[in-house]
Amino acid sequence: QRLKKAFEKNSRGAVELAKETDVNVLTGILKLYFRELPEALFTDSLYPNLVKGMSLTDPEAKENWMISLLLQLPEPNKTTVFFILDHLVKVAREEAHNKMSLQNLATVFGPTLLRPAAKEVEQQSMEQLFSAGARDAMLQTGILIFYLSLREKGMDFVNGGAPVTRL
């Protein structure tokens, strides 16, 4: 909480404090910011189509569908998603040191970045909530691992799939 408040008051001062903070705490703060957003980073309106896209069996059609959805995000969301994807791919490259593969990272961040709309959650019974929550977590992880895998292979979402060397 102290570090979160420091970032909110003075980001430069918080950077110095962050240097002395465990990476797991920093990751927790990042996830907290994403959870506190009024809407998921991948947006409530795109979520059903992301789920639909994951069910496509033709790999080329699936890739085209999923990339087109990503490009429909509002600009701030899209910029943030691209940055997060690049960062998580870099983290995964250090898996030998940090034990965080793309799958692990997708499991940790998927439900935070792709959570279902709060209004839908409120209307469910506890049993429905548990069942839907488990299903959604698996879908959210799958969606994020899909995008991370494309990014790891050098996919440039903005330029129609051309390889990129930015990473």
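The values are calculated or read from the model by the stated rules, or taken from the named source; none is laboratory data. Nothing here was measured: the structure is a model prediction, and the numbers come from that model. Neighbour counts are summed over all protein chains in view; Cβ atoms, including those assigned to glycine, are modelled from backbone coordinates with ideal geometry. Ligands, DNA and RNA are excluded from the accessible area calculation, which covers all protein heavy atoms including side chains. Shrake-Rupley method; radii C 1.70, N 1.55, O 1.52, S 1.80 Å.
Only one of the numbered conditions (1) over 16 Å from LEU144 (Cα atoms); (2) surrounded by 15 or more Cβ atoms within 10 Å (Cβ to Cβ) is violated by SER11, and that is (2).
Only residues that are more than 17 Å from LEU46 (Cβ to Cβ) and of a type in the set (D, E, K, R): list them for the range 69-88, please. Walk me through how you get there before you give the answer.
Step one: of the range 69-88, the residues more than 17 Å from LEU46 (Cβ to Cβ) are 83, 86-88.
ASP86 - this is the single residue of the range 69-88 that is more than 17 Å from LEU46 (Cβ to Cβ) and of a type in the set (D, E, K, R).
Residue pairs whose Cβ atoms lie under 9 Å apart, separated by 6 or more positions or on different chains, with the first residue in the range 133-151 and in contact (Cβ under 8 Å) with a residue 12 or more places away in the chain and the second among the acidic types (Asp, Glu) and open to solvent by 40 Å² or more (accessible area, probe 1.4 Å), are PHE146/GLU63; LEU150/GLU63.
Of the residues in the range 45-66, at least one is under 30 Å from PHE7 (Cα atoms) and assigned to a helix (DSSP H, G or I).
For the range 19-38, how many residues meet the condition of being in a helix (DSSP H, G or I) and hydroxyl-bearing (Ser, Thr, Tyr)? Full working, then the answer.
We begin by selecting, within the range 19-38, every residue in a helix (DSSP H, G or I); these are 19, 23-36.
When the remaining residues are screened for being hydroxyl-bearing (Ser, Thr, Tyr), the result is 27, 33.
Count: 2.
Can you confirm whether THR57 is modelled with pLDDT of 80 or more, open to solvent by less than 70 Å² (accessible area, probe 1.4 Å) and not hydrophobic (A, V, I, L, M, F, W, C)? No; evaluated as a whole, the condition is false for this residue. Taken over the range 77-107, the criterion of being under 15 Å from PHE157 (Cα atoms) and touching a Leu at 6+ places or on another chain (Cβ under 8 Å) is satisfied by ASN77, LYS78, THR80, VAL81, ILE84, LEU85, ASP86, VAL89.
Each residue in the range 14-68 was checked for being over 16 Å from ILE145 (Cα atoms) and aromatic (Phe, Trp, Tyr), and 2 pass.
The range 89-153 holds helices (runs of 4 or more DSSP H) entirely within its bounds, and those carrying 3 or more residues that are modelled with pLDDT of 80 or more, closer than 22 Å to LEU41 by Cα and over 12 Å from the mean Cα position of the chain (by Cα) map to 126-152.
Condition first: open to solvent by 100 Å² or more (accessible area, probe 1.4 Å) and more than 30 Å from LEU69 (Cβ to Cβ). Can you find one or more residues in the range 23-41 that meet it? Within the range 23-41 (the criterion being open to solvent by 100 Å² or more (accessible area, probe 1.4 Å) and more than 30 Å from LEU69 (Cβ to Cβ)), the answer is yes, since at least one residue qualifies. The residue pairs whose first member lies in the range 4-15 and is among the charged types (D, E, K, R), whose second member is open to solvent by less than 100 Å² (accessible area, probe 1.4 Å), and whose beta carbons are closer than 6 Å, counting only pairs six or more residues apart or on different chains, are LYS4/ILE29. Filtering the range 139-158 to residues that are under 11 Å from GLN103 (Cα atoms), open to solvent by 10 Å² or more (accessible area, probe 1.4 Å) and not aromatic (Phe, Trp, Tyr) leaves THR141, GLY142, ILE145, SER149. A count restricted to the range 69-109 and to residues that are of a type in the set (A, V, I, L, M) and open to solvent by 70 Å² or more (accessible area, probe 1.4 Å) stands at 1.
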